[in-house]
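Input: a single structure, listed below in structure tokens.
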Amino acid sequence: MKADRDTDARATRSRAFRLAALMVSFACVTVAITAFLLLTLVDHFAIKHASEEARLRLEQLSWQMRDSLDHTLEQAVRDVRLLSALPAIRLKNDPDLARGVLESMQRNYPDYAWIGIAGIDGKVKAATGRLLEGRDVTGRPWFKAGQRTAIAEDYHPATLLGELLPRAPDPWRFVDLAGPIQDERGVPIGVLAIHLSWKWARSLARNLLTPALRGYGAEILVVRNDGVVLLGPDGMLEKRVATESLRLAQLGRTGAIEEQWADGKTYVTGYSQTGRTGERTSLRWSVLVRQTREAAMASAHDFERRALWLSLALATALAAGAALLARRLVQPLKVLSGAIEDIAHDPAAATPAAIPNVGGFHEAQVLSEAMRELLRSEGRHREALERMNAQLEDTVAERTAELQELLMRDVLTGLPNRRALMQMLPEAMARTARLDRPCALMFLDMDGFKAINDTHGHEEGDALLRQFGQRIQANIRETDLAARLAGDEFVVVLELLNDGSEAQAKAESLLEKLSQPFTLATATVQVGASIGVALQMPRDMQDPARLLARADKAMYQAKRRGKGRVAIVAPSYGGATIA
């Protein structure tokens, strides 16, 4: 009997040893095959992948530079059109006022090196910094072409402005944007031009190239249609290049290729082209982003070396680990994985009792207990998360409402702001059409505010604006809307009117209230207001921006007639009636 028991024990040990040996052998073979395949894949595909990645990266940089150039030129053209349509530019014959508008634009966009207005006779009437005022610019291409439509003139050296602008490390180069200035009848009366400094393009290139890319020799080139380099390495500036990537870009294509340049080096080059064909307001430049092939592939070679050493280390570690752990890990983990699979197939049975208390080694016991505790805490956490989610939704809703209210209110006066006005005005115009009762929009501009603000300081000026807004609010109906646009400009929307005379009477009454003194902390002051009123009849086109523009125009007519007046403009869009 004892011999039989010893034989059975040896057979059991032998079977256990054979199973462990089989698992270790299988693990070692698996690791060896995995390491071999990994090295093969790295050797065959890492270079190709890195090349494709480098091409894609450089192509994307080319797109980003192209889009940035196009966006800036489009913005400059919009600025030309905006400035040309301003009353201070189009309707006034006041060089000082026009110059102030131009210099305000230049302060907001420092890359606009010069902004000027030339009369139809070619003489510069007003310009930023008074540069070129009185000079004849009839020979400049932008003046000739800008009399007809908005245009963009290609990159060129500074001619008239070169000696007048401050000295800079790089010579002044410009892109000119220009457009016609027309009077109220559409007759050209001059040309407005913007000289966009080429520093803007250099800044774009600097910002797009990260320090890492610059360290690996990546370079951005902007090339004119004649092959002249406008932006790029110092040794290539304003010299001609001829590459396959340039030819492809000039055909309107985008992509990246490997090619040899004039310096004998092979580069990976991404290419694209700016602008749109046939548009006078866009320019056709080729954007090339290049990097030497060695630099582009440096990461791939480094990855090869790292992968080799990592594969060797991993193979050694896994083989050793498999020999030590396979025998003890298999059975306890198999039991636990079976229990987990049962829970995955039947989540309703996910209770602590579903996880068995396995033996074999301490870690497996700890794992099984941890999983039971995890299931116990999951229910508690789910309930807590549901409560927190409900509370969070309530809090978000409250904060959203508060933020929406802040977005719709002027911080200084507490009145609705422009955003609120442009949201509520369409609703008021819709009610006018629905109820067949006209409404009116009053545009109020405070008379004499600047003098008080300059004399008594900005704090007193702010206090005056608050009192002015409060007085407007106090002298209109609860159904009417008072809003502050900006500065000393306010708007009142009157609804459910009988006719235009009622709006005029309300404006005159409000004008009388606003002309009464205001008590400030240091003084009692008296200001007035000029009010422009635009009527909206039930069958008029519902165009909030047009209605606001009509009221604004009427207000300016009231100011020109001596301020402290009411001007009302009828829906026929004719001239304003001054009260």
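Values computed for the structure shown
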{"item": "Any hit, region 148-167, residues being open to solvent by less than 30 Å² (accessible area, probe 1.4 Å) and in contact with a Pro (Cβ under 7 Å, 6 or more places away or on another chain)", "result": "no"}
{"item": "Residue among ARG419, ARG484 that is in a helix (DSSP H, G or I), open to solvent by 20 Å² or more (accessible area, probe 1.4 Å), modelled with pLDDT of 90 or more and basic (Lys, Arg)", "result": "ARG419"}
{"item": "Region 216-249: number of residues that are open to solvent by 70 Å² or more (accessible area, probe 1.4 Å) and at negative phi", "result": "8"}
{"item": "Filter result for ARG399 (in contact with a Ser or Thr (Cβ under 6 Å, 6 or more places away or on another chain), over 30 Å from ALA570 (Cα atoms), open to solvent by 80 Å² or more (accessible area, probe 1.4 Å) and part of a helix (DSSP H, G or I))", "result": "no"}
{"item": "Matching residues, region 424-433, being touching a strand residue (DSSP E or B) at 6+ places or on another chain (Cβ under 9 Å), open to solvent by 10 Å² or more (accessible area, probe 1.4 Å) and closer than 18 Å to ARG550 by Cα", "result": "MET424"}
{"item": "Test for LEU221: is it at pLDDT 90 or above and closer than 30 Å to ALA295 by Cα", "result": "yes"}
{"item": "Residue among ASP154, ASP176, ASP170, ASP183 that is charged (D, E, K, R) and farther than 20 Å from LEU230 by Cα", "result": "ASP183"}
{"item": "Residues (touching a Pro at 6+ places or on another chain (Cβ under 7 Å) and modelled with pLDDT under 90) located in region 173-187", "result": "ARG173"}
{"item": "Within region 98-193, strands (runs of 3 or more DSSP E) holding 1 or more residues that are of a type in the set (A, V, I, L, M) and more than 29 Å from GLY278 (Cα to Cα)", "result": "124-127"}
{"item": "Within region 97-119, considering residues that are open to solvent by 50 Å² or more (accessible area, probe 1.4 Å) and in contact (Cβ under 8 Å) with a residue 24 or more places away in the chain, the one nearest to ARG130 (Cα to Cα)", "result": "GLU103"}
{"item": "Total residues in region 533-548, condition in contact with a Lys or Arg (Cβ under 8 Å, 6 or more places away or on another chain) and either among the basic types (Lys, Arg) or closer than 17 Å to PHE490 by Cα (or both)", "result": "1"}
{"item": "Residue list for region 434-450, filter: surrounded by fewer than 17 Cβ atoms within 10 Å (Cβ to Cβ) and either in contact with a strand residue (DSSP E or B) (Cβ under 9 Å, 6 or more places away or on another chain) or within 16 Å of ILE472 (Cα to Cα) (or both)", "result": "GLY448"}
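The values are calculated or read from the model by the stated rules, or taken from the named source; none is laboratory data. Please read these numbers as outputs of a predicted model, since none were measured by experiment. Heads up, the Cβs are rebuilt from the backbone with ideal geometry, glycines too, and the neighbour counts pull from every protein chain shown. Quick note on the areas: whole protein, heavy atoms, side chains included, nothing else; ligands and nucleic acids left out. Shrake-Rupley method; radii C 1.70, N 1.55, O 1.52, S 1.80 Å.
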